[in-house]
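A short worksheet on the structure shown next.
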Amino acid sequence: MAVQFESANPTVVKSIRQRDLLNTWLRLYAREQKLPAIGEYNPARIEDELPDLVYYTVHSEEMPPRLIIDSDGTRMSSAYGHTGKGRYLDEYLGARLAPIVMPVYHECIARGLPAYTISQIDDIYGRIVNYERLLLPFAQEGRVNHIIASLKTICEDGGFEIKNLMRGNDTLPVPKLRTIIDRDLFHRSPGRIAPRDMLEFG
């Protein structure tokens, strides 16, 4: 059964820092309305976000595409119990989690647009944790070749145990929201671009 994704605009993203990351991507995308190269992507204060970021190289010549983990944010390592750098993402996730997680990456690659999802998972003490994932695609010669993932864990009850969060119990993450951000991407009709917009997005 195919996984369904809702259409969304950038306001679907809850985290202020994830919204900042997305806005930086959107400014690059808006110049020519095509995917930027990863080397162009330099958000302000990105060092503060590195614990929540994971960089992937995409091998899109394979079907389905495969992703190699180039870096491993410290929170991801904690949530999954060990580092995954240098491994294929599907192998790192394992047979239980890959069918839930990989369709999000595959949709991001196929559409060439950001994906945003929210899942819920219980920590080892039974507290409900929201796992908010933002995927940003980058391309070279028209083909998605990198993805940056921002992974945020939020618990409305306050503190929670992130160690082994994704593997520490028998329950699987429950998807609450799956979206592709395909609306309000600063598209402008050629004859209607105001001078201020040209300065802002040029």
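Only the coordinates and a few stated rules stand behind these numbers; no lab work does. Note that the structure is a prediction, hence the values are computed from the model and not measured. Note that we place each Cβ from the backbone using ideal geometry, even for glycine, and neighbour counts take in every protein chain shown.
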Taking θ = phi - 60°, what integer Hz values does the Karplus form 6.51 cos²θ - 1.76 cosθ + 1.60 yield along region 133-141, in sequence order, with x for Gly and Pro? 10, 10, 10, 10, x, 10, 9, 9, 6
Each residue of region 33-45 in turn: what ³J(HN,Hα) in whole Hz from Karplus with 6.51, -1.76, 1.60 and θ = phi - 60°, glycine and Pro shown as x? 6, 8, 5, x, 7, 5, x, 7, 8, 9, x, 5, 6
Greater than 19 Å separation of Cα atoms is the criterion. Which listed pairs, 34/152; 14/34; 152/176, meet it? 34/152; 14/34
Check residue 35: other-chain or 5+ apart residues with amide H under 5 Å from its amide H, H built from backbone geometry? none
Amide H to amide H, which residues 5 or more places from residue 122 or on other chains are under 5 Å from it, using H placed in the peptide plane? 129
Could you list which residues have their amide H under 5 Å from that of residue 145, counting only those 5 or more apart in sequence or on another chain, with H placed in the peptide plane? 138, 139, 140
Determine, for each peptide in 102-113, 33-44, the mean count of other beta carbons within 10 angstrom over its residues, then list the peptides with the highest first. 102-113, 33-44
